[in-house]
Amino acid sequence: GRYVCEHHDGRIALVDAFSRSCNAFFAQHAAAAGTEAMVAAATRLGLAEQHLVDDLGTDQARAAGLPLSGPGTRRWYPQDLAFIGIGQGYASASPVQIATAYARVANGGRMIRPWLLEHRRPERAGIPLDPVLGRWSDVLREGARRVVTEGTARNVPLLREIGAAGKTGTAEVDRRFADGRTVRTNNAWFVGYAPHDAPRYCAVVVIEGLPEGQYGGAVAGPPVAELLAEALREQ
């Protein structure tokens, strides 16, 4: 299919597409990459597994993440991959998964896993480094910083003040009512980490069921900025 850039960016580099949330860029590249590459990327980022936090309670009934290929699973077509590339369609992620993904990128490709209890804190030296994430982490971190300085979260000044980096996200969801009505709503996301050049904290906020016209950066960005600012004050 043909995917048109609503902002008329034209030819654009990865870091610029990342900072501007250019759906056309990521839809086309996901479709071109194919299922195998997308599954590999999702696995490296921790988006293909349900994270157990210190073996405490978690809902296993509907694990978030990508439905990986295998016996009995549906083939991904180019249109499916395009939607997955922009976080829609078959893509489903929990806030813990997103925080894990960005923690891995922020730390240069180290395969960080979430923990809650102090005695489960891993030693940094013992955390393995994924060579592919390590290769691309500098580019992704630059894009995440530009989100805050000049991209889709540029209007959240506190993020700049605390030296944060991150990513906005807005998922469109159709809510169907018993009377037959369908209303399009937005789920607003923001994930951020700080400081961008020496990451210590990562935070994710998701606000669901917003009216059309309310987006991730403007709605979810400010509470993430406040969470990170408070964490940095207490360090």
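Before moving on, here are some points about what is shown:
- Residue within the stretch 127-143 that is under 13 Å from Ser21 (Cα atoms) and touching a Ser or Thr at 6+ places or on another chain (Cβ under 9 Å) present: yes
- Test result for Val139, in contact with a helix residue (DSSP H, G or I) (Cβ under 9 Å, 6 or more places away or on another chain), more than 25 Å from Trp189 (Cα to Cα) and either in a helix (DSSP H, G or I) or touching a residue at least 40 places away in the same chain (Cβ under 8 Å) (or both): no
- Among the conditions (1) in contact with a Pro (Cβ under 9 Å, 6 or more places away or on another chain); (2) of a type outside the set (A, V, I, L, M); (3) surrounded by 18 or more Cβ atoms within 10 Å (Cβ to Cβ), the only one that Thr152 does not satisfy is (1).
- Only one entry in Asp130, Asp80 is free of Cβ contacts under 8 Å to residues at least 12 places away in the same chain, open to solvent by less than 50 Å² (accessible area, probe 1.4 Å) and over 16 Å from the mean Cα position of the chain (by Cα), namely Asp80.
- Residue among Thr168, Thr182 that is within 18 Å of the chain's Cα centre (by Cα) and of a type in the set (S, T, N, Q): Thr168
- Those strands (runs of 3 or more DSSP E) lying entirely in the stretch 165-235 with at least 3 residues of a type outside the set (S, T, N, Q), in contact with a Lys or Arg (Cβ under 8 Å, 6 or more places away or on another chain) and closer than 29 Å to Val139 by Cβ: 182-194
- Residue selected from the stretch 193-226 under the condition among the aromatic types (Phe, Trp, Tyr) and surrounded by fewer than 24 Cβ atoms within 10 Å (Cβ to Cβ), by the criterion nearest to Arg20 (Cα to Cα): Tyr215
The values are calculated or read from the model by the stated rules, or taken from the named source; none is laboratory data. Please read all numbers here as calculations on a predicted model, not as lab measurements. A quick note on method: Cβ atoms are made from the backbone with ideal geometry, for glycine too, and the neighbour counts reach across all protein chains shown. When the accessible area is computed, the model is the full protein with side chains, heavy atoms only, and any ligands, DNA or RNA have been set aside. Shrake-Rupley method; radii C 1.70, N 1.55, O 1.52, S 1.80 Å.
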